[in-house]
Each structure stands twice: as C-alpha cells, then as structure tokens.
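In what follows, a structure is listed as structure tokens, so that the remarks can point back to it.
The values are calculated or read from the model by the stated rules, or taken from the named source; none is laboratory data. Just so it is clear, the model here is predicted, and its values are computed rather than measured. No Cβ is skipped: glycine too gets one built from the backbone with ideal geometry, and neighbour counts run over all protein chains shown.
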Amino acid sequence: MKVALDTNILAYAEGTNGAVMRDRALDLIQRLPPESVVLPAQTLGELFNVLVRKTKRQPVHARTAVLSWCDAYPTVETSATVLANAADLASDHGLFRGTPRWPVLPPAGVCPNLLKVGPECRPL
C-alpha cells in the first residue's frame, strides 16, 4: 500500500503550527514504512506556498525544505483525470459542504480506495 502525504502533514512537520503539531506530524511520518510514502507534486507546491505565505519563510528557505522532502520520498504527479474525479467525488457525495476547501487528491496511479496501488487500480 502507498500513502500520499497531505500538505497539512508536511506543513505541520515543518513547524507551521508550533512544536506540538510538528512533533506529532514527524512521529506519524516516522511510523510509516519509508517505501510506502509518496509525495504528490501538487502537495509540494502547496507546501512551498504555505511556508512562504503563512510562516513568512524566505522563498530560498521554503525551496530548501521542499527539496529536502523530495530527497526523502518519491514524488508522483497529479493528473487532470484525478482532479476531475476528486471534483466528481466531492459534488456527488456532498463532501466539504460549507467548507471552502478542495478535496484531498490522490496522486495519479493511486487508487482513491484507501490509496492502494495495485492491479485493481486501472486508469480511468
């Protein structure tokens, strides 16, 4: 099984919400088998934005943080098909009603079914 780390987990691990949340996020990440973790490219772009805008890091330092995550885990693309499917999922099932957040997108080639990768996942 592959696990895609969400922007919030990475941002917390970078200390954006204080030491307690940083420690919790790092503990969670460290408990995952390293070979199971992937980072969606979209998540890394969002992380850069959070680090620059929310934590006021200099872009060069935010870039260093993003590149260190890239060195730690493989990155995967988020496709237009996955984006469309996430929008369908949100609208068909009333997800995020009243919340201005976009649904979490699984990376391309990763099943939305518990983010499992395998022969049961076929391109749409």
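Quick rundown of the values:
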{"read-out": "Number of positions in the stretch 1-22 that are touching a strand residue (DSSP E or B) at 6+ places or on another chain (Cβ under 8 Å) and within 15 Å of L51 (Cα to Cα)", "value": "1"}
{"read-out": "Flag for R53 being modelled with pLDDT of 90 or more and loosely packed, with under 11 Cβ neighbours inside 10 Å", "value": "yes"}
{"read-out": "Test: residue in the stretch 54-62 that is within 13 Å of the chain's Cα centre (by Cα) and in a helix (DSSP H, G or I)", "value": "no"}
{"read-out": "Among residues of the stretch 10-24, those that are part of a helix (DSSP H, G or I) and crowded, with 19+ Cβ neighbours inside 10 Å, counted", "value": "4"}
